[in-house]
Amino acid sequence: MRTAGAADRNSIVSETIPSADHQVYVKPDNVHAETVVSVEHYTDRLFSFRITRPQSFRFRSGEFVMIGLPNAAKPVFRAYSVASPAWDEELEFYSIKVPDGPLTQHLQKIRPGDTVLMRPKPTGTLVVDALTPARRLWMIATGTGFAPFASLLRDPETWEKFEEVVVTNTCREAGELAYGTKIVRDLEADPLIGELVIGRLRYIATTTREETSAMGRITTLIETGKLFEMASCAPFSADTDRIMICGSLDMIRDVKALVEKAGLVEGSNSQPADFVVERAFVG
Ligand code: A2P
């Protein structure tokens, strides 16, 4: 029997994989079997993990891939934004834990050494290529919607294309901001990005349910103008601002409406423009 692991990690041919429940499943065709390197839990709803990266796997910072577990003959796959930058030798993901979520009820229990399945094709619209050049890039995140921005913030290309970046992170409770806050804090010490970031990044983190010093839904902050006060800059303008939005469907719909009201036009890979959106995936 061949087991999946670091030695096999570039293989996407059929093989069998022992799973956490000690059953052995045949790996689906055309799927990478990768090894969990580390896992970090932030709250009872959120965690991140890192896996080995297949040498053949290329992606653009901000894109997502399909992730699954070797725990069934036909494993459940869910879309996950890669949270690590394109240059990183491992792949990082940031996930919600849903108690009865078809994937995350199991995924939240992974440990270093376990196997995670990954489909080989990355895709997505939260890429700098889908935006036309401008002075300032806004990254607007709620919940696990921060994941693609964790990737983009750590990619030099983002800092080459934009003079300033404002990243917002809104969660129900303060503990849920921890992952994003750590990514932002570590940026200045990053050997590749550190010097590029100094004086060019603003981080605005708010809560909506737990009482903290900075509160408010991102939609309210935009509508009242408080966001622009907090960021010390003018309201959204198609002349100066480009915007990426990632969070729940409702949040995307509502922020998109405000951004369009400000005159910005939605872009895509084939037709770059002023803003792009992507749903943060659940389950
Ligand atoms: P709220 O606590 O008022 O629901 P979730 O954890 O459910 O994904 O939510 C993440 C954050 O997104 C929460 O702070 C939540 O605020 C906020 N949120 C949910 N829906 C919207 C929306 N339509 N517009 C703006 N923010 C939203």
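The values are calculated or read from the model by the stated rules, or taken from the named source; none is laboratory data. Everything quoted here is computed from the prediction, not taken from an experiment. Using ideal geometry, Cβ is built from the backbone for each residue, glycine included, and neighbour counts are taken over all protein chains shown.
Between a first residue in the range 257-269 that is within 18 Å of residue 124 (Cα to Cα) and small (Gly, Ala, Ser) and a second residue that is part of a loop (DSSP other than H, G, I, E, B) and at pLDDT 95 or above, which pairs have beta carbons less than 8 Å apart while being 6 or more apart in sequence or on different chains?
Note: pairs meeting the criteria are 267/125; 267/132; 267/274; 268/125.
Suppose we filter 144, 125 for residues that are in contact (Cβ under 8 Å) with a residue 12 or more places away in the chain and either assigned to a loop (DSSP other than H, G, I, E, B) or over 16 Å from the mean Cα position of the chain (by Cα) (or both); which single one remains?
When all the criteria are applied, what remains is 125.
So, residue 117, is that one more than 24 Å from residue 46 (Cβ to Cβ), over 15 Å from the mean Cα position of the chain (by Cα) and modelled with pLDDT of 95 or more or not?
It is false that residue 117 is more than 24 Å from residue 46 (Cβ to Cβ), over 15 Å from the mean Cα position of the chain (by Cα) and modelled with pLDDT of 95 or more.
Looking at the range 53-97, which of its residues are surrounded by 21 or more Cβ atoms within 10 Å (Cβ to Cβ) and hydroxyl-bearing (Ser, Thr, Tyr)?
61, 80, 81, 84, 94, 95
From (1) surrounded by 15 or more Cβ atoms within 10 Å (Cβ to Cβ); (2) not in a helix (DSSP H, G or I), pick out the condition that doesn't hold for residue 112.
(1)
Could we say that residue 67 is touching a residue at least 60 places away in the same chain (Cβ under 8 Å), within 23 Å of residue 27 (Cβ to Cβ) and among the aliphatic types (A, V, I, L, M) here?
Judged against the criteria, residue 67 is not a match.
Need a quick list: helices (runs of 4 or more DSSP H) entirely within the range 192-283 having at least 2 residues that are within 12 Å of the ligand (Cβ to nearest atom).
Correct list: 218-224, 249-261.
Does the range 155-176 hold any residues that are crowded, with 22+ Cβ neighbours inside 10 Å and within 16 Å of the ligand (Cβ to nearest atom), and which are they?
167, 168, 169, 170, 171, 176
It is to be established whether one or more residues within the range 200-210 are free of Cβ contacts under 8 Å to residues at least 12 places away in the same chain and loosely packed, with under 13 Cβ neighbours inside 10 Å.
no
Given the criterion hydrophobic (A, V, I, L, M, F, W, C), outside any strand (DSSP E or B) and closer than 18 Å to residue 95 by Cβ, identify the matching residue among 65, 36, 76. Lay out the reasoning, then the answer.
Numbers: 65 fails: outside any strand (DSSP E or B); 36 fails: outside any strand (DSSP E or B).
It is 76.
Take residue 170 and tell me if it is assigned to a strand (DSSP E or B), in contact (Cβ under 8 Å) with a residue 40 or more places away in the chain and in contact with a strand residue (DSSP E or B) (Cβ under 8 Å, 6 or more places away or on another chain).
Details: assigned to a strand (DSSP E or B): yes; in contact (Cβ under 8 Å) with a residue 40 or more places away in the chain: yes; in contact with a strand residue (DSSP E or B) (Cβ under 8 Å, 6 or more places away or on another chain): yes.
In short, yes.
Please work out which one of (1) surrounded by fewer than 19 Cβ atoms within 10 Å (Cβ to Cβ); (2) within 16 Å of the ligand (Cβ to nearest atom) is the condition residue 142 fails and give its number.
Result: residue 142 fails condition (1) only.
Let me spell it out: the conditions are (1) within 16 Å of the ligand (Cβ to nearest atom); (2) assigned to a helix (DSSP H, G or I); (3) hydrophobic (A, V, I, L, M, F, W, C), and residue 152 meets all of them except one. Which number is the exception?
(1)
Kindly provide the set of residues from the range 149-185 that are closer than 19 Å to residue 222 by Cβ and touching an Asp or Glu at 6+ places or on another chain (Cβ under 8 Å), ordered by number.
Scanning the range 149-185 gives a single hit, 172.
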